[in-house]
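The values are calculated or read from the model by the stated rules, or taken from the named source; none is laboratory data. Here the structure is a predicted model, which is why all the values come from computation and not from measurement. Here the Cβ positions follow ideal geometry from the backbone for every residue, glycine too, while neighbour counts run over all protein chains shown.
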Amino acid sequence: MTDEPRISFEFFPPRDDGGRDKLVDTVAAKLETLNPEFFSVTYGAGGSTRDGTRQTVQALMQAGHEAVPHLSMGNDDPTDVQPLLDVYAESGVKQIVTLRGDQPSGFGANKFSNNAEALVKLIRQHSGDRFHLIVAAYPEVHPDAMSATSDFDFFRSKVEAGADSAITQFFYNAEAYYNFMNRCEQAGISIPVYPGIMPITNAESLFRFAGKVGADVPRWLRYEIEEIHDENDLRDFGVEVVSRLCETLMGMGAPGLHFYTLNRWGASTRICSNLGLAA
Ligand code: FAD
């Protein structure tokens, strides 16, 4: 465990200029007091938020924050992606979260022809070592995987293609992270793997999202959440549970934490404060 865990926060691109201003001026400004390494900005697969992601990254950087775009290739041609890499390089972007991406809902099963390994290779070919490449990791196994071993082999292939670090899908079973890190050790993979942390603030959206991405909400936790009907009580409970999870993960040697903020600052700030990470 490092003395100073690395903290980062994830946003999605707001729909309009007003939303973007609010995100930068309020949410990022509040979270900046926690001294994060960066704010990352998600990418709608198929290029649906290509402009929104870029504009949000640039707005964050203009406000003096370190910003990291997510990028996926989906069914795009390399020539669609390369100009964006050049724009990011010119804008001073240093890191990219490199993904296959998920098909927007309503498009049926995921049929993207380019997985994340292909994008890692493309970026290395086009931009050399200009960017630190972050890839996704799945301690609870990606829902498309044929087996835990084949899923891990895909992770390994991204690392071998040139990924520098990883952020995990969110999970509430700390053992899954421990097991994943053991697999990494046995495979000789030593890149930092940052747990992705999803604060618990809304039962319905948590259950829906967890189902979609294949994240397990343990039975005891689901039952507890279902019994809490007051929003503030749920937030308090969620902060306690997730703070304990983070403590356990850092005790296991996690090098830091990446928070899925859903463009909010309250729960992540309280969790960091419980962990003694608040400035
Ligand atoms: P990959 O690593 O390419 O594949 C994931 C898994 O799919 C593999 O482990 C393997 O089990 C299987 N697989 C891959 N290729 C093959 C193949 N050729 N044959 C058989 N099986 C295969 N989604 C977005 O749309 N936008 C975002 O901004 C975004 N940000 C994310 C950030 C993080 C930190 C994480 C963890 C996820 C994020 N996602 C995002 C979700 C992600 O795009 C999905 O989980 C997607 O389904 C897989 O993307 P990947 O980069 O992990 O893909």
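Within the option set E66, E140, E90, being among the acidic types (D, E) and within 13 Å of the ligand (Cβ to nearest atom) holds for one residue only, E140.
Among residues belonging to the stretch 190-203 that are of a type in the set (G, A, S) and in contact (Cβ under 8 Å) with a residue 24 or more places away in the chain, point out the one that is nearest to L119 (Cα to Cα). Lay out the reasoning, then the answer.
To start, the set of residues in the stretch 190-203 that are of a type in the set (G, A, S) comprises 190, 196, 203.
Going one step further and asking which of them are in contact (Cβ under 8 Å) with a residue 24 or more places away in the chain, we end up with 196, 203.
On the way: G196: 21, A203: 34 Å.
Among those that are of a type in the set (G, A, S) and in contact (Cβ under 8 Å) with a residue 24 or more places away in the chain, it is G196.
So which of L249, L257, L262 ends up being farther than 19 Å from A166 by Cα and not β-branched (V, I, T)?
After ruling out the rest, the residue left standing is L262.
State whether one or more residues within the stretch 70-79 are at pLDDT 95 or above and not charged (D, E, K, R). The answer is yes, given that some residue of the stretch 70-79 is at pLDDT 95 or above and not charged (D, E, K, R).
Taking first residues from the stretch 169-189 that are over 23 Å from K212 (Cβ atoms) and outside any loop (DSSP other than H, G, I, E, B) and partners that are of a type in the set (S, T, Y) and within 15 Å of the ligand (Cβ to nearest atom), no Cβ contact under 6 Å between residues at least 6 apart in sequence or on separate chains turns up.
Considering only the stretch 171-222, state which residues are hydroxyl-bearing (S, T, Y), surrounded by fewer than 21 Cβ atoms within 10 Å (Cβ to Cβ) and out of contact with any Gly (no Cβ under 7 Å at 6 or more places or on another chain). Explain how you work it out, then say what you get.
At the first step, the residues of the stretch 171-222 found to be hydroxyl-bearing (S, T, Y) are 172, 177-178, 190, 194, 201, 205.
Narrowing the set further to residues that are surrounded by fewer than 21 Cβ atoms within 10 Å (Cβ to Cβ) leaves 178, 190, 201, 205.
Correct list: Y178, S190, S205.
Given the stretch 13-132, what helices (runs of 4 or more DSSP H) lie entirely inside it while holding 2 or more residues that are among the small types (G, A, S)?
Details: elements: 17-22, 29-32, 50-62, 78-91, 116-127.
In the stretch 13-132, the matching helices (runs of 4 or more DSSP H) lie at 17-22, 50-62, 78-91, 116-127.
Cβ-Cβ contacts under 7 Å between residues 6 or more apart (or on different chains), taken from a first residue in the stretch 254-265 that is touching a residue at least 12 places away in the same chain (Cβ under 8 Å) and part of a loop (DSSP other than H, G, I, E, B) to a second residue that is surrounded by fewer than 17 Cβ atoms within 10 Å (Cβ to Cβ) and not small (G, A, S), are listed as P255/T2; P255/P192; W265/K30. Within the stretch 204-226, residues that are more than 30 Å from R100 (Cα to Cα) sit with their Cβ atoms under 6 Å from residues that are among the hydrophobic types (A, V, I, L, M, F, W, C), at 6+ positions apart or across chains, in these pairs: I225/A203. Cβ-Cβ contacts under 7 Å between residues 6 or more apart (or on different chains), taken from a first residue in the stretch 142-153 that is farther than 16 Å from A176 by Cα to a second residue that is modelled with pLDDT under 95 and of a type outside the set (D, E, K, R), are listed as D144/N110.
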